[in-house]
Amino acid sequence: MGAYGGTVHAVRAGSGSRVWRSSTSGAKFGFGAGNFYATPAVAYGRVYIGNTDGKLYSFSTENGNLGWSKGTGSYVYGAAAVDNVEGVGPTVFFGSYDGTFYALNARSGGVRWSHSSGGQISGAPTVVGGVVYFSTIDTTNTYGLSTRSGKRIFARGSGAYNPVISDGHRLYWTGYESISALVQNKDYKRETKELRAQLRKKNR
């Protein structure tokens, strides 16, 4: 877990006792640290967590050693999402208040691709079916990008924080003031046909 004092802590789930404590490179060298506001994401033996100093950090789950950090132009408030992208490999996705959405090599921190959204990104992204979704807080838009290429394949004019979730059948999209259930065209046609059949049976 991250703390607003610029430190990251690993604690035992059963007892709450601390396993290790780490901090940003700025804190280690006496330059002061930003605040860890974001929820951490854990995968591949690493802890990925954003900071208000404009960086995403990757710490070892074993001992808290800093593996790498990636700087952006502004705050990194939202949690990251991690996925082993087919044909690409382990990738960490996150957005920044600088308006850019990033896909990084989860092991090295190298940039796989980036996308300029035109709006500040405050919430966490989600990965569903080869698409990574995120929203912008000021322009209140939701976007879906290919996890492999960063190509935009979905855009809706609503949303602000955490964008979508799926139950494997529908995509539930959280707008700024509403929530919607989305289905693929083929699923929509099937569900519409089933609903009409149920209505006909009910009205007999």
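The values are calculated or read from the model by the stated rules, or taken from the named source; none is laboratory data. Note that this is a predicted model, so its numbers are computed, not measured. Using ideal geometry, Cβ is built from the backbone for each residue, glycine included, and neighbour counts are taken over all protein chains shown.
Values computed for the structure shown
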item	result
Residue ranges of strands (runs of 3 or more DSSP E) in the range 50-96 with at least 3 members over 14 Å from the mean Cα position of the chain (by Cα)	55-60, 66-71
Subset of the range 76-124 [touching a residue at least 60 places away in the same chain (Cβ under 8 Å) and over 19 Å from GLY159 (Cβ atoms)]	ASP83, VAL85, GLU86, GLY87, VAL88, ALA106, ARG107
Test: residue in the range 81-88 that is modelled with pLDDT of 90 or more, surrounded by fewer than 17 Cβ atoms within 10 Å (Cβ to Cβ) and at positive phi	yes
Filtered residues of the range 164-182 (kept if surrounded by fewer than 16 Cβ atoms within 10 Å (Cβ to Cβ) and modelled with pLDDT under 85)	GLY168, HIS169, TYR176, GLU177, SER178, ILE179, SER180, LEU182
Candidate set: the range 38-49, residues that are in a strand (DSSP E or B) and of a type in the set (A, V, I, L, M, F, W, C); chosen: the one surrounded by the most Cβ atoms within 10 Å (Cβ to Cβ)	ILE49
Condition met for ALA33 (at pLDDT below 95 and more than 18 Å from SER114 (Cβ to Cβ))	yes
Check on GLY130, modelled with pLDDT under 95 and under 20 Å from SER69 (Cα atoms)	no
Subset of the range 114-134 that is small (Gly, Ala, Ser) and touching a Phe, Trp or Tyr at 6+ places or on another chain (Cβ under 9 Å) - its residue that is nearest to GLY150 (Cα to Cα)	SER114
VAL76 under 22 Å from TYR143 (Cβ atoms), touching a Gly at 6+ places or on another chain (Cβ under 8 Å), buried (at least 19 other Cβ atoms within 10 Å of the Cβ) and β-branched (Val, Ile, Thr)	yes
Extreme residue, nearest to GLY45 (Cα to Cα), among residues of the range 110-147 that are over 14 Å from the mean Cα position of the chain (by Cα) and surrounded by fewer than 17 Cβ atoms within 10 Å (Cβ to Cβ)	GLY110
Test result for TYR161, buried (at least 17 other Cβ atoms within 10 Å of the Cβ), at pLDDT below 95 and either assigned to a strand (DSSP E or B) or among the aromatic types (Phe, Trp, Tyr) (or both)	yes
